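S.K.: A single structure is presented below for examination.
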Amino acid sequence: FQQLLLLGPVLYIYVRKVLQPQVGLSPKTAWHFLPAALYLLYSLVVFVVDVWLLDEFYFYADGIDKDLKLWYQTLGLLSIIGYCGWSLWYYACYRRSLANEVSFADALTFSWIRQFLWALLLIIFLRTGFLVLFPQFGDFGIKFWYYFAFGLLTYFIAFLGYRHLDRSTALTAIPQPTLRQWEPDR
């Protein structure tokens with residue numbers, strides 16, 4: 001069960017909450033989860049019909065998982081790319097607002113978020129490029145380069161997380177500013 005439509009909104013809300021922990025989640029936030037909820041409902045209906053009504057399996061009738069259908073994978077990919085871009089935009093707005101509010105903005109920039117988002121976009125574009133160039137994607141020789149690059153980016157993200165953890169303990173001595181509640185420039 002893949003819930004690709006859930007990844008983008010969770011990423012965006014996480015970035016918002018890290019950058020502005022004082023801002024609560026509003027009922028408007030629930031709209032971000034509507035596509036994922038609709039797909040979950042669709043999957044549950046198919047499951048109930050398969051198991052309790054028809055006693056046959058629609059999801060695997062042709063031997064292919066419906067979660068791997070091109071329309072769903074494409075929609076999920078576009079959702080993740082869109083929310084990743086939106087998170088980068090939100091981060092840029094945060095940096096601009098922070099620079100106007102405090103004098104020690106460099107210590108609070110959360111540059112690891114920007115680096116993480118760019119690394120995630122690179123992983124997505126790398127995966128998409130390999131699927132376009134090598135649609136069968138069956139030989140290990142072809143996969144080797146993808147897995148090597150994916151591994152390097154994964155280590156890079158892990159390193160960013162470790163470095164952020166190390167710095168965040170050092171930053172506890174710096175007084176955290178109370179930024180006025182702001183919305184990104186539209």
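Here's the yes/no breakdown for (1) surrounded by 15 or more Cβ atoms within 10 Å (Cβ to Cβ); (2) within 22 Å of the chain's Cα centre (by Cα); (3) modelled with pLDDT of 90 or more; (4) in a loop (DSSP other than H, G, I, E, B):
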| residue | (1), (2), (3), (4) |
| --- | --- |
| Phe1 | no, yes, no, yes |
| Val10 | no, yes, yes, no |
| Leu44 | no, no, no, no |
| Asp50 | yes, no, no, no |
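S.K.: Do you know which of the residues in segment 65-103 that are touching a Pro at 6+ places or on another chain (Cβ under 9 Å) and polar (S, T, N, Q) is nearest to His32 (Cα to Cα)?
M.R.: Ser79
S.K.: Looking at Asp67, is it exposed (fewer than 14 other Cβ atoms within 10 Å of the Cβ), at pLDDT below 85 and more than 20 Å from Ala119 (Cα to Cα)?
M.R.: no
S.K.: If you scan segment 112-163, which residues turn out to be part of a loop (DSSP other than H, G, I, E, B) and either within 18 Å of Tyr91 (Cα to Cα) or at pLDDT 75 or above (or both)?
M.R.: Result: no residue meets the conditions.
The values are calculated or read from the model by the stated rules, or taken from the named source; none is laboratory data. Everything numeric here is computed off the predicted structure, so don't read it as measured data. A quick note on method: Cβ atoms are made from the backbone with ideal geometry, for glycine too, and the neighbour counts reach across all protein chains shown.
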